[in-house]
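The values are calculated or read from the model by the stated rules, or taken from the named source; none is laboratory data. Here the structure is a predicted model, which means the values were calculated and not measured. Glycine also receives a Cβ, built like all others from the backbone with ideal geometry; neighbour counts cover every protein chain displayed.
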């Protein structure tokens with residue numbers, strides 16, 4: 001009798017694990033943010049392996065991952081208004097506010113790709129050291145964001161920009 005119960009429990013657990021694996025694979029397959037870059041491509045820039053996990057929120061899709069020294073986020077926002085303000089005025093105002101707090105910010109523009117690095121102000125290092133590249137198209141924006149735990153682990157714009165070039169071709 002105990003053998004039958006244990007066997008039923010094992011069969012049930014295998015069924016649950018299989019269902020969860022299938023659901024995860026389906027979510028990863030349908031999450032377009034996860035298809036912007038491969039883990040191997042990210043690893044080539046970061047020098048550390050990363051496993052991506054899909055999430056979604058409204059029009060935004062995300063893939064998040066963790067390396068030994070950084071958090072990685074791929075994001076894709078679709079269905080944007082083609083007539084939206086693309087002047088960057090809101091972003092510039094935000095950067096100015098961050099600079100006034102003492103953060104160091106560098107921005108480089110490569111056509112439709114905008115990359116930035118942000119070093120937090122003294123005493124706020126726990127915020128992390130961020131490098132982000134985004135690609136804008138008429139009704140969508142994709143980005144890769146890497147937040148390092150320390151300044152020694154910052155990923156440069158020069159390393160992240162080629163990944164943004166690849167993303168631009170994939171959405």
inquiry  = Given (1) in contact (Cβ under 8 Å) with a residue 24 or more places away in the chain; (2) exposed (fewer than 15 other Cβ atoms within 10 Å of the Cβ); (3) out of contact with any helix residue (DSSP H, G or I) (no Cβ under 8 Å at 6 or more places or on another chain), identify the lone condition not met by residue 106.
reply    = (3)
ask   = Which of the residues that make up the stretch 42-68 are out of contact with any helix residue (DSSP H, G or I) (no Cβ under 6 Å at 6 or more places or on another chain) and part of a strand (DSSP E or B)?
value = 53, 55, 56, 57, 60, 64, 65, 66
key: Search result, residues across the stretch 134-171 that are surrounded by 19 or more Cβ atoms within 10 Å (Cβ to Cβ), outside any strand (DSSP E or B) and in contact with a helix residue (DSSP H, G or I) (Cβ under 8 Å, 6 or more places away or on another chain)   = 155, 160, 163
ask   = Taking the stretch 153-171, which residues are touching a residue at least 60 places away in the same chain (Cβ under 8 Å), over 24 Å from residue 60 (Cα atoms) and out of contact with any strand residue (DSSP E or B) (no Cβ under 7 Å at 6 or more places or on another chain)?
value = 159
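To keep it simple, each residue is scored yes or no on (1) modelled with pLDDT of 50 or more; (2) within 30 Å of residue 159 (Cβ to Cβ); (3) in contact with a strand residue (DSSP E or B) (Cβ under 7 Å, 6 or more places away or on another chain).
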{"residue": "2", "(1), (2), (3)": "no, no, no"}
{"residue": "30", "(1), (2), (3)": "yes, yes, no"}
{"residue": "34", "(1), (2), (3)": "yes, yes, yes"}
{"residue": "38", "(1), (2), (3)": "yes, yes, no"}
{"residue": "91", "(1), (2), (3)": "yes, yes, no"}
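Go through the stretch 69-83 and give me each residue that's in a loop (DSSP other than H, G, I, E, B) and surrounded by 11 or more Cβ atoms within 10 Å (Cβ to Cβ).
Looking only at the stretch 69-83, we keep the residues that are in a loop (DSSP other than H, G, I, E, B), and these are 69, 79-83.
69, 80 - these are the residues of the stretch 69-83 that are in a loop (DSSP other than H, G, I, E, B) and surrounded by 11 or more Cβ atoms within 10 Å (Cβ to Cβ).
Report yes if residue 65 is loosely packed, with under 15 Cβ neighbours inside 10 Å and within 20 Å of residue 161 (Cα to Cα), otherwise no. Steps first, answer last, please.
Values: loosely packed, with under 15 Cβ neighbours inside 10 Å: no; within 20 Å of residue 161 (Cα to Cα): yes.
When the stated conditions are applied, residue 65 does not pass them.
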key: Sole residue being in a strand (DSSP E or B), under 25 Å from residue 54 (Cβ atoms) and within 19 Å of the chain's Cα centre (by Cα), chosen from 117, 131   = 131
